[in-house]
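Peer 1: Once you've had a glance at the structure underneath, I'll fire off some questions.
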Amino acid sequence: MLVSRRDINKAETRAAIAESARKILNLVGLEGLTAEKIAEAAGVSRRTFFNYFPSVDSALNVPIEHFIERVLTAVEEVDDSASLAEAAVQAVQEFEDIEAYRSVAEMFVLAQNHPPLARLQTETWDSCAFRLADFVESRYGQPLDLDVYAFVFSITGAGKAAFAYWAQESAGDLSDDSMKKLHSYLVDALATLRDGFPTIRNFSRGA
């Protein structure tokens, strides 16, 4: 499908505003971050900012939106013979964009103490699960029953768990080595889900 120049320009403007939000955040902190400062840095008016984003927090949420969109696209491109769980593992395994991980990780850490951004991130993860459910129905012919919803939300839950584990272990370190660890945790979390949590099944109070 051909994309018009107008749509390309709109996407570029939106991306520029979101990137400016991250840069200004790093300069002035969350308390000093305003729509006016972001708009000025992006070279647009305050009105234009609000044409693209309803709030400053929504501009900060763009990295995770882009990250999930790229992973979902990769999942959809995996061979039809792969199960959804395997497709998720393969998609993340092949997604090694360090800068993408860094931008998402930075916003994930920020959201831990900023409820409005945390809510937006939760909504984005939930939207991912619903899109996976639609994908299951269209590719595998599976009716959208409780099992499907439980499974797709387990996939997104595994992704969120990997970020939470990384944040706790790394104390928010955004270095390249730390981002590589985050990538490996995402792969491992999804692979554990794919394999049916083999180690946890053996847990017992007497173990």
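Peer 1: What distance in nm lies between label points placed 7 Å from Cα along the C-beta direction at ASP177 and THR199?
Peer 2: Taking the two extended label points, one gets 2.2 nm.
Peer 1: How large is the helix-only mean residue ellipticity at 222 nm for the chain, computed as the sum of -39500 (n - 2.57) over DSSP H runs with n ≥ 4, divided by its residue count, in deg cm²/dmol to the nearest 500?
Peer 2: -24500 deg cm²/dmol, from helical runs alone.
Peer 1: If you roll a 1.4 Å probe over region 1-65 with all protein chains in place, what percent of the accessible area is carbon or sulfur?
Peer 2: Values: 2070 of 3940 Å².
Whole-percent figure for carbon plus sulfur exposure: 53.
Peer 1: What's the extension gain from GLU31 to ARG5 if we count 0.36 nm per residue and subtract their Cα-Cα distance?
Peer 2: Working: separation 26, 0.36 × 26 = 9.36 nm, distance 3.62 nm.
Stretched fully, the GLU31-ARG5 segment lengthens by 5.7 nm.
Peer 1: Also, I was wondering about something else. How many nm is it between the label spots at GLU96 and ALA16, if each spot is 7 Å from the Cα in line with the beta carbon?
Peer 2: Label at GLU96, label at ALA16, 3.3 nm between them.
Peer 1: Cα-Cα pairs above 19 Å in region 88-207: how many percent?
Peer 2: Numbers: 3872 of 7140 pairs.
Value for region 88-207 (Cα pairs over 19 Å): 54 percent.
Peer 1: May I pose another question? With labels modelled as points extended 7 Å from the Cα through the Cβ direction, what inter-label distance (nm, one decimal) is found for PHE130 paired with GLU40?
Peer 2: With each label placed 7 Å out from Cα toward Cβ, I get 3.8 nm.
Peer 1: How big is the shadow of the Cα convex hull of the chain, averaged over all directions, in nm²?
Peer 2: Values: hull surface 57.1 nm².
Spelled out: convex hull of the Cα atoms, projected over all directions, averaged, 14.3 nm².
Peer 1: Hey, another quick one. Mind checking the per residue accessible area of the chain for me, 1.4 Å probe, whole number of Å²?
Peer 2: Normalised by residue count, the accessible surface of the chain is 56 Å².
Peer 1: Which of the helices in the chain, when you take each full DSSP H run, stretch at least 18 Å along the axis at their Cα atoms and have an average Kyte-Doolittle score of -1.0 or higher?
Peer 2: Numbers: long enough: 5-28 (34 Å, -0.44); 62-77 (23 Å, 0.38); 98-111 (20 Å, 0.94); 115-140 (37 Å, -0.40); 146-170 (35 Å, 0.60); 176-194 (27 Å, -0.25).
Qualifying helices: 5-28, 62-77, 98-111, 115-140, 146-170, 176-194.
Peer 1: Going 7 Å from the Cα of GLN142 in the Cα-to-Cβ direction, what parts of region 153-175 have a backbone nitrogen less than 15 Å from that spot?
Peer 2: Backbone N within reach: 153-158.
Peer 1: Return an integer: the convex hull volume of the alpha-carbon atoms of region 93-132, in Å³ per residue. Show your work: numbers first, answer last.
Peer 2: Numbers: hull volume 2.9 nm³, N = 40.
Given the Cα convex hull of region 93-132, per-residue volume reads 73 Å³.
Peer 1: Could you let me know the centre-to-centre spacing of region 7-84 and region 140-160, using Cα atoms, in angstrom?
Peer 2: About 27 Å separates the Cα centre of region 7-84 from the one of region 140-160.
Peer 1: Could you look at region 159-202 and say what percent of its accessible area is carbon and sulfur, using a 1.4 Å probe and all protein chains?
Peer 2: Numbers: 1300 of 2470 Å².
Exposed carbon and sulfur together represent 52 percent of the surface.
The values are calculated or read from the model by the stated rules, or taken from the named source; none is laboratory data. Note that this is a predicted model, so its numbers are computed, not measured. Cβ sites come from the backbone with ideal geometry, for glycine too, and all protein chains shown count toward neighbours. These accessible areas exclude ligands, DNA and RNA; they are computed on the full protein's heavy atoms, side chains included. Shrake-Rupley method; radii C 1.70, N 1.55, O 1.52, S 1.80 Å.
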